[in-house]
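So the structure is just underneath, and the comments pick up after that.
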Amino acid sequence: MDNPYLPYPVRIEEIITETEDKNLKTFKFVFLNPEDEEKFSYIPGQFAELSVPGKGEIPIGIASSPTEKGFVSFTVNKVGLVTTHLHNMKVGEIMGIRGPLGNWYPWEEMEGKNVVIIGGGFAFTTLRSSIVYMLHPDNRPKFEDIIVVYGARSPGMLLYKDELAAWEQRDDIQMHITVDATDDPDWKYNVGFVPTITEQKITSSENAIAIVCGPPIMIKFTQPVLEKLGFPPERIILSLEMRMKCGIGMCGRCNIGDQYVCKDGPVFSLAQLKKMPPEY
Amino acid sequence: MENKVFSKDEWLEGIKALQSEYKVFVPVKAGDFHKFVRLEEQTIPDLDYQNTRLSPKSLVYPESERMFEFSTDENDPDYNILKEAQKDFGPQAIIGLRPCDAHGFLIVKRNFDNPEYKDPWWVRRYEASTLVGLGCNEPCGTCFCSSVGGGPFDEEGLDVLLFDLEDQYLAKALTEKGSTLLAKLDGGSEASDKELSKAEEVKKAAQEKISSKVDTSKLADKDVLELFNAPFWEDLAFACINCGTCTFLCPTCWCFDIQDEVYQKIGDRIRNWDACMFPLFTLHGSGHNPRSEKFQRVRQRFMHKLKYYVDKYGNGVQCSGCGRCVQFCPVNIDIRHVIELMNSH
């Protein structure tokens, strides 16, 4: 019998400190058994349980794209027991990954459409996966305009800085990077909260679908902006976070009404969420 | 399928003989209550009881289960690699459980054995189990099994159903597993028509004794958000002390936690029963808690059993009507009253 709780063993290949407060690190993992990489076949928007033996497991969005081969990566915020321990682990150490878990962004529905990506803070991980996926030469023709609004508290708190700079140079993706505030005289991008920049930069909801990931306060103030632009709730897509253990809809803690965020989510449209109890 | 009659002594002797092929579990009296234990040399089975205080769910789904083991010793070639803990999933027979508790297993099965995922421990133990039920001649005042799709002699989920006919048991095989178990018992004789009709009478009399009834048929058509936002939850939760007794005793509560434990350099990943009554159950790493208030947790428990589950599976409520939570709640919260509140909202 397949055991859905058994993690694949992986080795930490690389650790990148992403932010100036050093609280966010990206971990690149390589599967110890190459056949496990095949089995870990994922779609942007999904997550996995990172398993640190002796400490426990944590559900984290997959930050790499399935178009990137040979590794899988996750960006982890240091908050609790497992993440703190993980932040102290070193390249070469062995741990586990269990997944992929949950659903994904509605890729079929997004084909032929303008894709508006709105991200805030460290919730940019599965959005990074999605951007890398869409920019792959095999996939780019499937989508119309790709427009990204991404904000953080300060320039030093942005994730994936080198990639953001590279995307800024491309003409097949429109980047609107912003920070809440900065005293850096050389800052050449936007200053302002994500909802404000969204209001300034996004001009139309025509043939467009919006994916929004960020802290609750950002989502709360971005939602009316999108509604004003004419995005119907079916075309506003959100990814939720919840405390999880099993990741497969059995342990009972991550439900919102009759939906389990781990199995039926984490991706929900605003239309779906409006029918569910507001308990998240 | 066969119907056999055993004298009570014959039956107990037969059960003892089953130990060579099954792990046999029987109810015994322990203090003021009954509980299921593994049948051993000194065990005195007592089938003259109303129900066990704890449901038999732990015989398939232990309170604490070792899932994996690992070494945290960097010199070990399998350092930090999880391996499934070796277990005995040999045949087990649960003798004398009540029909409501068999119904409970069927409810829990929808969670642990679904088209997408199978919980390997629950499924293997459940499949290895033969459930020999004992019909309830004398249902308790808190029993409301017949309101939730069961009954004191309900056969669903059982492999054998026993009828207590004073000095005899009539054993009715209901499945292949049940027939196999009965075939291993010495003694007994084919039930006569007279014995069969006596069993029917006992059953009918028991059904009439169920005095507690509540209508669960309206719940499916209720609007989930209207129920969620109903004003009665705060009042209902006022007395609750979030002790979790209801979830612990409940045959249909399945929530669990997973924890790692390490002694020196040997580690285990363990799963333990958990409960929606506890604030830590849903506490995020960030400190945010979607169910930080007591009334939210009380609402979650009842909404899960009586609405979310109903909507998700379309197969009735997540309750077997055993009445344990009603009997043992220290502040007298009564699920039947909650159903009435939901019905009338």
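Values quoted throughout were computed directly from the atomic coordinates according to the rules given, and no laboratory measurement underlies them. As the structure is a prediction and not an experimental result, all values here were calculated from the model. Here Cβ is always computed from backbone atoms with ideal geometry, including for glycine, and neighbour counts include all displayed protein chains.
In table form, for the structure just shown:
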read-out	value
Scattering profile of the protein assembly as shown at q = 0.07, 0.12 Å⁻¹ [log10 I(q)/I(0), Debye over alpha-carbon scatterers]	-0.53, -1.22
Length-normalised contact order for chain A - Cα pairs under 8 Å, 6+ apart - percent	18
222 nm mean residue ellipticity, helices alone, for the protein assembly as shown (DSSP H n ≥ 4; -39,500 (n - 2.57); rounded to 500)	-7500 deg cm²/dmol
Simple spin-label estimate for A:LYS220 and B:SER197 in nanometres, 7 Å along Cα-Cβ	7.3
Stretch in chain B that is longest and holds no trypsin sites (Lys or Arg not before Pro) that DSSP places in a loop and that have at most 15 other beta carbons within 10 Å	B:88-183
Qualifying trypsin sites (Lys or Arg not before Pro) for segment A:206-280 [loop in DSSP, other Cβ within 10 Å: at most 14]	A:LYS275
Cα-projected label distance for A:ASP138 with B:ASN289, points at 7 Å along beta-carbon direction, nm	4.7
Cysteines in chain A lacking a second Cys C-beta under 4.7 Å	A:CYS213, A:CYS254, A:CYS262
Reachable aspartates and glutamates, given that their alpha-carbon falls under 16 Å from the alpha-carbon of B:LYS222 and they are not under 8 places away in the same chain	A:ASP258, B:ASP311, B:GLU340
Set A:LYS55/B:LYS265; B:LYS35/B:LYS198; A:LYS39/B:LYS87; A:LYS39/A:LYS69; A:LYS113/A:LYS220; B:LYS109/B:LYS184 screened for pairs whose C-alpha atoms are more than 18 Å apart	B:LYS35/B:LYS198; A:LYS39/B:LYS87; A:LYS113/A:LYS220; B:LYS109/B:LYS184
Pairwise FRET efficiency - A:GLU279 versus B:LYS204, Cβ, R0 = 41 Å, nearest 0.05	0.35
Normalised contact order of segment A:107-239, rounded percent, pairs of Cα under 8 Å and 6 or more residues apart	29
Segment B:182-240 and segment A:205-225: distance between their alpha carbon centers, rounded to Å	48
